[in-house]
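Written below as structure tokens is the structure these notes are about.
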Amino acid sequence: MTSRTPLLLGASAGACALALTVAGPSMAATAADDEATGMVSVFHGVPGLTVDVYANGDRLLGDFKPGTVTKPQALDAGTYEIQLFKAGEGPDGTPALEKKVEVPEGADATIAAHLSADGKPQLTTFVNDTSKVDAGKARLTVRHVAAAPAVDVRAGGEPVFKGLTNPNQESTVVDAGTVNADVTLAGTDTVAIGPADLNLKEGSDNIVYAWGSADDKNLALATQTLGGMESSPNAVHAGGAGAAAVTPNSSDAWLAWAAVTGLVALTGVQVARRVSDRRG
């Protein structure tokens, strides 16, 4: 059983998107019991736009480049005004993107800056599924955040997700191991991105972002890895090709956070300006 939520996709077999700390795979940290916090990552999937990221007027990140994703970071629960400025322009300028987001206590989410299907920059918030998986398994999540039509996602040449559109995601649980994946135009064998080998470790959530622009011929994949979803500390590691055996992938806790997506993605995106000279 797969899950689809109106959120986002963007990915590359290397680096991932934009956010609050250093890029790369990471283990989601656990906040202290007495702290009302949520875990937040940021992905940058707008080609050609290096930005400084501000939250409530404070700079979180400078010179943040496309194709980068940050480690999860604990933020106090509450409402944040997220603003992206062209690098060096500062908070006195006009933001390239801005949006108010609600960080609920206990949430685990990724804020993605990306292009809409018709090429306009926007911000989308995705709830990350951190529920446990069975021994020898891993979770694979694909988010479509590219200026591109509907796509199919294949693993080992076989479709895993079909007809995925921007800004949506699909998720499934698969055997841990290496998967050769690519992205094709929906209903065809025309490869749009890839192929790329994905190393799916046991007990991890492997989030793949399809990002960029089909018209500008810069479509790419980026990956974000979250750990700690093993069903037991002594789970046996499994190899294999990572065949996509679809299983239910949501727990009561994850469904509860999915229900507050309306809070996490609180207001509509305000695009202050389009990326200049993006078309070539």
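The values are calculated or read from the model by the stated rules, or taken from the named source; none is laboratory data. If you're wondering where the values come from, they're calculated on a predicted model, not measured in any experiment. As a convention, Cβ positions derive from the backbone with ideal geometry for all residues, glycine included, and neighbour counts pool all protein chains shown.
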With the first residue restricted to the stretch 147-176 and required to be crowded, with 22+ Cβ neighbours inside 10 Å, and the second required to be in a loop (DSSP other than H, G, I, E, B) and among the basic types (Lys, Arg), Cβ contacts under 7 Å at 6 or more apart or on different chains are 176/201
Can you confirm whether residue 253 is in a loop (DSSP other than H, G, I, E, B), among the aliphatic types (A, V, I, L, M) and modelled with pLDDT under 95? no
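Do we have any residue at all in the stretch 94-102 that's closer than 16 Å to residue 209 by Cβ and either buried (at least 22 other Cβ atoms within 10 Å of the Cβ) or of a type in the set (Phe, Trp, Tyr) (or both)? Give the derivation first.
Initially, the stretch 94-102 is screened for residues closer than 16 Å to residue 209 by Cβ, giving none.
No, that holds for no residue.
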Restricting attention to the stretch 102-121, does a residue exist that is on the phi > 0 side of the Ramachandran plot and modelled with pLDDT of 95 or more? yes
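Which of the residues belonging to the stretch 133-146 are in a strand (DSSP E or B) and either without any contact (Cβ under 8 Å) to a residue 60 or more places away in the chain or small (Gly, Ala, Ser) (or both)? Full working, then the answer.
If we filter the stretch 133-146 for residues that are in a strand (DSSP E or B), which is where we start, we get 133, 137-146.
Once the filter is applied, which keeps residues that are in a strand (DSSP E or B) and either without any contact (Cβ under 8 Å) to a residue 60 or more places away in the chain or small (Gly, Ala, Ser) (or both), the stretch 133-146 yields 138, 146.
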Filter result for residue 107 (within 16 Å of residue 224 (Cα to Cα) and in contact with a strand residue (DSSP E or B) (Cβ under 6 Å, 6 or more places away or on another chain)): no
Wholly inside the stretch 48-90, strands (runs of 3 or more DSSP E) that include 2 or more residues that are β-branched (Val, Ile, Thr) are 51-55, 78-86
Counting only residues in the stretch 155-175 that are assigned to a strand (DSSP E or B) and polar (S, T, N, Q), the one nearest to the chain's Cα centre (by Cα) is identified as 169
For the stretch 201-224, pairs from a residue that is at positive phi to a residue that is β-branched (Val, Ile, Thr) and assigned to a strand (DSSP E or B), with Cβ under 8 Å and 6 or more apart or across chains, are 203/133
